């Protein structure tokens, strides 16, 4: 059963990206960011009755404020990224999070990667190169240069790096740094940055509502899967959402270069698997 729940985690994570991309055609990234958190609340708040509440000491409040604030930033950056570039070239960048963890862990907690970890790093880099391998005729480094010229992948790399930091705060017991905290923090930002916020929400509600639903379902199935098996197994399956999103990008948004992007995404996911198993 854990495999089914982990697979559903990946599936709903991918659907969240698809509906976010659809919503960004009618609403701006601030509206979509707030909707992602707000419309997930009705499904997540009941979970408070079934999960263990951590002790509300100083560590909890520091983690809530720092982790929550960083997650507000990453939510907005994430939406900006998929707004400005194809899903199939932007979303695979999230696989760099475990790579950044391998780089920061020796500095922060003195943990050094194993052989599997190094293999995983090489595969993620190779996969990111493959995403734009058609540009190789312009030079061996051209695929990387082309990738970094795109606004979406650059922003998503920043998201991946910040996630490698926020994961340390999640260990303290703050589940996603509190969806309620993030929703309340995003509200004034949305009202300040977005013109006609309420009108945009009303016009786009058919695509905004599913974003929160799919985000909540992804988290619920992930927590359920983790309760049945090792976290490493669940995260490995969850990262296959990258491959699903590349396919959805081709099928729904008619994005080009599907062959090399799909191959690149698969290689990057395999790299994540190596890192997780290390």
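The values are calculated or read from the model by the stated rules, or taken from the named source; none is laboratory data. Owing to the predicted nature of the structure, the values given are computational and were not obtained by experimental measurement. Reconstructed Cβ throughout: ideal geometry from the backbone, glycine too, with neighbour counts over all protein chains shown.
Quick notes
- Residue pairs whose Cβ atoms lie under 7 Å apart, separated by 6 or more positions or on different chains, with the first residue in the stretch 72-98 and free of Cβ contacts under 8 Å to residues at least 60 places away in the same chain and the second crowded, with 24+ Cβ neighbours inside 10 Å, are 79/20; 79/32; 79/33.
- For the residues 258, 270, 252, the requirement of being within 16 Å of residue 95 (Cα to Cα) and more than 16 Å from the chain's Cα centre (by Cα) singles out 270.
- Listed conditions (1) at pLDDT below 75; (2) assigned to a helix (DSSP H, G or I) are all met by residue 173, apart from (2).
- Selected residue (criterion: surrounded by the most Cβ atoms within 10 Å (Cβ to Cβ)) from residues of the stretch 30-41 that are modelled with pLDDT of 90 or more and within 15 Å of the chain's Cα centre (by Cα): 32
- Residue list for the stretch 227-246, restricted to those being more than 14 Å from the chain's Cα centre (by Cα) and without any contact (Cβ under 8 Å) to a residue 40 or more places away in the chain: 227, 230, 231
- Condition broken by residue 163, with the remaining ones in (1) more than 16 Å from residue 74 (Cβ to Cβ); (2) modelled with pLDDT of 80 or more; (3) surrounded by fewer than 21 Cβ atoms within 10 Å (Cβ to Cβ) satisfied: (1)
- If you filter the stretch 130-151 down to residues that are more than 20 Å from the chain's Cα centre (by Cα) and modelled with pLDDT of 80 or more, you find that the one that is farthest from residue 274 (Cα to Cα) is 149.
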